Amino acid sequence: MKLVTSSRFERSLRQFLRKHPDLKKELAGKLELLRRDPANPSLRLHALSGKLRGCFAFAVSYEYRIVVELKGSEVHLLAVGTHDEAY
């Protein structure tokens, strides 16, 4: 799978990592796992509903999520943050 970012996501990622530098290694590992195997159970990838219908989210840690959109062989990274921030 190819990970695709936008300038908006990259900006939010920089802000997230400034607040949570301790999660940088864990985040990188989860993104690599997503790239290699989106169905891996440790990601806890799940479909979203409501205004984010068609999107998915996975866990970086217990508290933090990344919202993605799956398009063929590409994974578009949309948002990162706590449950309330990302959704």
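Rundown of residues vs (1) touching a Cys at 6+ places or on another chain (Cβ under 7 Å); (2) modelled with pLDDT under 95, yes/no style:
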site	(1), (2)
R18	no, no
E32	no, no
N40	no, yes
R44	no, yes
F56	no, no
Y64	no, yes
V68	yes, no
G72	no, yes
H76	no, no
| Can you name the residue in the stretch 32-65 that is in a loop (DSSP other than H, G, I, E, B) and hydrophobic (A, V, I, L, M, F, W, C) and, of all such residues, is nearest to V4 (Cα to Cα)? | C55
| Does at least one position in the stretch 68-84 carry a residue that is in a helix (DSSP H, G or I) and on the phi < 0 side of the Ramachandran plot? | yes
| remark: Across the stretch 1-12, the tally of residues that are surrounded by 16 or more Cβ atoms within 10 Å (Cβ to Cβ) and modelled with pLDDT of 95 or more stands at 0
| task | State yes or no: is G29 assigned to a helix (DSSP H, G or I), small (G, A, S) and surrounded by 11 or more Cβ atoms within 10 Å (Cβ to Cβ)? | result | yes
| Got at least one residue in the stretch 32-46 being surrounded by 12 or more Cβ atoms within 10 Å (Cβ to Cβ), over 17 Å from E85 (Cα atoms) and among the acidic types (D, E)? | yes
| request: Select from the stretch 8-31 the residues that are closer than 14 Å to V68 by Cβ and hydrophobic (A, V, I, L, M, F, W, C) and list them in ascending order. | output: F9, L13, L27, L31
| task | Please enumerate the residues belonging to the stretch 13-22 that are touching a residue at least 40 places away in the same chain (Cβ under 8 Å) and either within 13 Å of the chain's Cα centre (by Cα) or loosely packed, with under 10 Cβ neighbours inside 10 Å (or both). | result | L13, F16
| query | If you scan the stretch 48-76, which residues turn out to be under 8 Å from the mean Cα position of the chain (by Cα), surrounded by 18 or more Cβ atoms within 10 Å (Cβ to Cβ) and touching a residue at least 24 places away in the same chain (Cβ under 8 Å)? | reply | A57, F58, V60, I66, V68
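The values are calculated or read from the model by the stated rules, or taken from the named source; none is laboratory data. All of these numbers come straight from a predicted model, not from anything done at the bench. FYI the Cβ positions are ideal-geometry reconstructions off the backbone, even for glycines, and counts take in every protein chain you see.
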